[in-house]
1. Of the conditions (1) assigned to a strand (DSSP E or B); (2) more than 27 Å from Gly258 (Cα to Cα); (3) among the aromatic types (Phe, Trp, Tyr), Trp95 clears all except one; give me its number.
2. Among the residues of the range 197-219, is any free of Cβ contacts under 8 Å to residues at least 12 places away in the same chain and touching a Leu at 6+ places or on another chain (Cβ under 9 Å)?
3. Look at Ser83 and say whether it is of a type in the set (S, T, N, Q), under 13 Å from Asp55 (Cβ atoms), modelled with pLDDT of 95 or more and assigned to a loop (DSSP other than H, G, I, E, B).
4. Which ones in the range 79-113 are without any contact (Cβ under 8 Å) to a residue 60 or more places away in the chain and surrounded by fewer than 21 Cβ atoms within 10 Å (Cβ to Cβ)?
5. Just to be sure, is Ala93 at pLDDT 95 or above and farther than 16 Å from Met1 by Cβ?
6. When residues of the range 13-30 are filtered for being more than 16 Å from Trp95 (Cα to Cα) and under 19 Å from the mean Cα position of the chain (by Cα), how many remain?
7. Among residues belonging to the range 59-78 that are in a helix (DSSP H, G or I) and touching a residue at least 24 places away in the same chain (Cβ under 8 Å), point out the one that is surrounded by the fewest Cβ atoms within 10 Å (Cβ to Cβ).
8. Which members of the range 214-270 meet the condition of being aromatic (Phe, Trp, Tyr) and either in a helix (DSSP H, G or I) or over 28 Å from Ala190 (Cα atoms) (or both)?
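The values are calculated or read from the model by the stated rules, or taken from the named source; none is laboratory data. Here the structure is a predicted model, which is why all the values come from computation and not from measurement. For neighbour counting, all protein chains shown are included, and Cβ atoms are generated from backbone atoms with ideal geometry for every residue, glycine included.
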Amino acid sequence: MAHLRCDFYSDALALSTSMTVLLPQPTTTQIGLTGQVGSGPPPVLYLLHGLSDDDTTWLRRTSIERYVSELGWAVVMPQVHRSFYTDEHDGGAFWTFVSEELPALVDRFFRVSTARADTFVAGLSMGGYGALKLALRQPDRFAAAASLSGALDLAALAGRAGVPPSPDHRMFTRILGPGGTVAAEDDLLALARRADPARLPALHLSCGTEDALLASNHAFAAVCAEAGIPLTTAFPPGEHEWGLWDTGIVEVLAFFAGVRQAAADAEVEA
């Protein structure tokens with residue numbers, strides 16, 4: 001695969017930023033890695049980082065390049081800092097960036113598919129929150145979405161971090177404002193309760209049983225069950241760590257590939 005670190009200017013953020021991109025490349029002489037490429041523009045996976053990470057972290061701490069090369073998909077990993085993929089009260093418009101500006105720039109810069117059936121999003125921890133928020137607020141854009149160990153209950157997190165001098169207190173004040181109130185459009189539980197299950201992409205959720213975020217993942221799963229939203233879940237033994245996510249992203253890719261193949265098979269039958 002081709003690996004690019006793309007530095008560019010964001011109008012939404014009013015600053016220069018970066019994304020790490022993997023693009024499929026057919027190879028015949030590369031030892032141990034055979035690239036796959038379809039006949040048209042490749043499917044694209046938007047892969048989102050966690051709170052303490054950046055756009056390079058998935059590539060450095062997992063074998064995502066090796067895993068995705070077998071599928072022939074592109075992977076876009078944007079940089080969003082400690083933003084919770086949200087238009088911050090006193091900061092950058094990171095939701096606008098990732099939901100509007102980023103896909104437009106990817107379409108302009110790279111030859112990738114823009115079809116819903118070929119567009120996927122996943123993320124870990126803070127990125128799991130971002131992935132599910134994109135799926136719930138832009139359901140017509142994605143075929144499937146996945147959260148790995150997601151920080152899914154923003155209101156609960158902000159409440160627990162609300163006592164100074166915690167650095168998270170300053171972070172959530174910057175993101176949410178002095179009152180720490182989570183707007184309805186940023187609350188995953190509220191978004192799921194009022195979502196139309198028929199419009200949503202396929203959803204996958206996983207979290208380790210020893211993870212501090214397990215309760216919020218169970219809470220989101222419960223809301224989905226009440227709302228009639230199909231949700232594939234996995235709760236393997238493990239903590240909030242990269243060994244679990246390296247295994248988990250393999251399972252997510254298999255889930256995504258299955259969703260895409262099922263849609264293709266249904267189209268043929270129709």
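1. (1)
2. no
3. It is true that Ser83 is of a type in the set (S, T, N, Q), under 13 Å from Asp55 (Cβ atoms), modelled with pLDDT of 95 or more and assigned to a loop (DSSP other than H, G, I, E, B).
4. Residues satisfying the conditions are His81, Asp87, Ser99, Pro103, Ala104, Asp107, Arg108.
5. Yes.
6. Counting residues in the range 13-30 that are more than 16 Å from Trp95 (Cα to Cα) and under 19 Å from the mean Cα position of the chain (by Cα) gives 4.
7. Arg66
8. Answer for the range 214-270, where residues must be aromatic (Phe, Trp, Tyr) and either in a helix (DSSP H, G or I) or over 28 Å from Ala190 (Cα atoms) (or both): Phe220, Trp242, Trp245, Phe255, Phe256.
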